[in-house]
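The values are calculated or read from the model by the stated rules, or taken from the named source; none is laboratory data. Quantities reported herein were computed from a predicted structural model and do not represent experimental measurements. Here the Cβ positions follow ideal geometry from the backbone for every residue, glycine too, while neighbour counts run over all protein chains shown. These accessible areas exclude ligands, DNA and RNA; they are computed on the full protein's heavy atoms, side chains included. Shrake-Rupley method; radii C 1.70, N 1.55, O 1.52, S 1.80 Å.
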Amino acid sequence: MKALVLNGPNLGRLGHREPAKYGTTTYTQLVESCHAVADELGIEVDVRQTDAEHEMLSWLHEAADDGSAVVLNPAAWTHTSVALRDACAMLTAPLVEVHISNVHAREAFRAHSYVSPVATAVMAGFGTEGYALALRWLGTNRR
Ligand code: DQA
């Protein structure tokens, strides 16, 4: 099974970006931990981050074409992008939407997600551990 772990804008700055909200784990450490969990589960994983929406859309198109599972932290695009939602709707394998912070306990605009209605599962507030939890769920529910 192959899973793409896709991260939206500003997540490349994890570890330094608002650590009280997003923790001190760096993006590099997050990538390493995703690979460690994937190795343990025997799944192939590709972890990517972009600040460019068109690049994220192209990765989702790739996942749709390949039938790959996706763990997606859409970051701010969660709350703004119909284009992202439409790309997610094309996926055929499970899509897990992950947020490091509990978006429901923050500003009102973060409570709405364009992605959640087309996601298989949604996680928020588990910190960066949410990615490993999502991968473990995918690993035990593989098709
Ligand atoms: C986030 C929450 C979003 O509201 C925010 O714009 C992010 C990160 C999270 O992981 O908690 O960039 O998706």
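As a fraction of the 1.4 Å probe accessible area of the chain, surface on carbon and sulfur atoms comes out at 50 percent. Summed over the residues of the chain and divided among them, the accessible surface reaches 47 Å² per residue at a probe radius of 1.4 Å. Per-residue 3J(HN,Hα) values for the stretch 66-77, derived from phi via the Karplus relation 6.51 cos²θ - 1.76 cosθ + 1.60 with θ = phi - 60°, read 8, x, 7, 6, 9, 9, 10, 9, x, 6, 5, 5 Hz in sequence order (x marks Gly and Pro). What is the sum of charges around Cys34, taking Lys and Arg as +1, Asp and Glu as -1, for the other residues whose C-beta is under 15 Å from the C-beta of Cys34? Computed value for this residue: -3. Calculated [222 nm] ellipticity per residue, helices only, for the chain: -11000 deg cm²/dmol; basis is -39500 (n - 2.57) per DSSP H run with n ≥ 4, divided by all residues, nearest 500. When DSSP beta bridges are limited to those with both residues in the stretch 1-107, what percentage is antiparallel, rounded to the nearest 5? Counting only bridges with both partners in the stretch 1-107, antiparallel ones make up about 0 percent. From the largest down, the chain spans 37, 31, 24 angstrom on the principal axes of its Cα atoms. Charge tally around Val5: other residues with Cβ under 14 Å, Lys/Arg +1 each, Asp/Glu -1 each, net -4.
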